[in-house]
C-alpha cells in the first residue's frame, strides 16, 4: 500500500516556504508575486507527505516566529517543514472546516474528524485543536479506513504472555482491560481479542466512539459525541439484548466504569481500554473513579498494560558488545548477557536502523488474594507484593527479553522505559 501511495506525485513544493532554508524576505517575495498555493492545497500536500512517510500523527505547532509541522512516526517526532507564522491561521481554518468544526472559535479546544482519499485508499483524520500562547495547536491522528483486524499472534506477545492473554479472554464473564498510554495500540489489541474469541454461537456487541473497524460478526453501536447516546445509555440498553461479549471502546469516567462492572457482574465478558501508567496502578484508578470495591473485586479478571517500541530493521541488523553506557536496569534484567543487536542503517529503513513497531506487555491476572486486597482497598505496595508472589512479570522484563532476542535495541529499551 505504501509503495502505491509513494507514486502519487506532490503538487506543492513546501520546501520553498521553509524558513530554516530561505530567508523570510525571500519567502515574502513569493507571497507578493501571487505564486503561492492555496491553504487547501498546502493542507492536502502535508497530508499526502504524512501518508507517504507512514506517519501516525501530524502536528501543526505555532511558535513565536514560525509554524513548525512535524510527523509522529514510530513513537518519535520528525520535522517536515517550518513555515511562516502568517499562514498558521489559514491552515488551521481549512482543517477545522474539513472536520465540520467552528473555524472561528480559537479560544476553546475542539475535536472533529474527516475522511481523506488518496488513490484507492481512504483515511480517517481525527483532529484536535488546543489554544496555546502562540496560536492554535492542531494535532491530527491518521488512520486508514477498512484496515483488517490484526490477529493476536501478530502483536508481539511472548509465548507465555499470549497464553495468559488467551486464557483471560476465554473466560465466560468478567471485566478485562487493555491499558497503556495514548497511542500504545490498545484499540488494535482489544479488536484482535474480540476477533480471536468470536464464533457463531456468541452474541457480541460493541459500544465505541467512534467505530474503528467494521466487524461482520458483531453488532456495533456508535456513542455520539453530542451526548444524545452516551456510553452508559448504550451499555444499559444492550444488556437487554442478551450479549455474551461486550466490547466497550474506553472507560473514561466513573459512570462508564460502574456500568461496565455491572455488566460483567451479570454474566457478560466485558472488554475495554483505559489510559494508565501500568497494570497494577489501574486497580487504584478504577477504585478512585468510584467503582465500589466489592463490585471490582467480584468482576475484574485481568489487566494488560502495553507500550509500542521501535523494532530493529531486519535488513541491517547486526550484533555488538555492550559497554558501560547500557542501562543498568537492562543489564540487571539480562544478567550476564553482553551481546546486543542494532540496525546499522540502510535504504529500507532510511538510515534509522528501525523499521516498524512492536508492543511490550505486562499481564496481571486477578487471583483470590488480589481480589481480597481489592475488596480491602489495599495500598499499591500490597498489590505489587501479591502480584509478584503470583508470578507477575512487569513490562521491563518483557522488554529485556525482546532486547535479548534481537527484536528491539538497548537504546529503545532506555528511551521507552528509562
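Read-outs throughout are calculated quantities, based only on the coordinates presented, and are distinct from any laboratory measurement. Predicted model, so just to flag it, every value in this text is computed and none were measured. Here Cβ is always computed from backbone atoms with ideal geometry, including for glycine, and neighbour counts include all displayed protein chains.
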Residues in segment 282-296 reached by a label modelled at residue 381 [backbone nitrogen below 18 Å; 7 Å Cα→Cβ] | 284
How much length, in nm to one decimal, is gained on full extension between residue 227 and residue 32, taken as 0.36 nm per residue of separation minus their Cα-Cα distance?
-> 65.5 nm
Using alpha carbons only, what's the Rg to Rh ratio of segment 2-144 with Rh from Kirkwood?
-> 0.95
The exposure ranking of 252, 148, 70, fewest beta-carbon neighbours within 10 Å first, is 148, 252, 70
Between 57, 398, 40, find the one with the highest GNM mean-square fluctuation for the chain; connect C-alpha pairs within less than 10 Å.
-> 40
If you count, for each residue, the other Cβ atoms within 10 Å and average over each peptide, how do 161-170, 408-417, 256-265 line up from highest to lowest?
-> 256-265, 408-417, 161-170
Residue 254 versus residue 103: modelled label distance in nm, points set 7 Å from Cα along the beta carbon direction = 4.2 nm
Using the 10 angstrom Cβ neighbour count as an exposure proxy, how do 270, 43 rank, fewest first?
-> 43, 270
Rounded to 10°, Cα long-axis angle of helix 254-265 versus longest principal axis of the chain | 40 degrees
Restricting to the chain, what percent of DSSP beta bridges are antiparallel, rounded to 5?
-> 70 percent
Kirkwood-type radius of the chain, with distances r between different C-alpha atoms, in Å = 23.7 Å
Nearest 10, in degrees from 0 to 90: the angle of helix 88-98 to the longest Cα principal axis of the chain is 60 degrees
Calculate, in nm to one decimal, what residue 145 and residue 4 gain on full extension: separation in residues at 0.36 nm each, minus their alpha carbon distance.
-> 49.1 nm
FRET E, pair residue 167, residue 134, Förster distance 60 Å, beta-carbon r, rounded to 0.05 | 0.75
Shape call, segment 161-301: gyration tensor on alpha carbons, a/c limit 1.5 = rounded
Any chance you could check the Cα centroid distance between segment 1-45 and segment 62-119 for me, in angstrom?
-> 15 Å
In whole Å, how far is the Cα centre of segment 360-418 from that of segment 157-207?
-> 18 Å
On a 0 to 90° scale, report how tilted helix 395-404 is relative to the longest principal axis of the chain, with both axes built from alpha carbons and the result rounded to the nearest 10.
-> 70 degrees
What length, rounded to one decimal in nm, is gained on full extension from residue 79 through to residue 346, with 0.36 nm per residue of separation minus their alpha-carbon distance?
-> 94.1 nm
Candidates 85, 98, 24, ranked by Gaussian network fluctuation over the chain, Cα under 10 Å, top entry | 24
What does the convex hull of the Cα atoms of segment 353-396 come to per residue, in Å³, rounded to a whole number?
-> 91 Å³
Using the count of nearby Cβ atoms within 10 Å as a rough guide to exposure, how do 107, 401, 311 rank from fewest to most?
-> 107, 401, 311
Mean-square fluctuation maximum in Gaussian network of the chain, Cα pairs under 10 Å, restricted to 397, 68, 16, hits 16
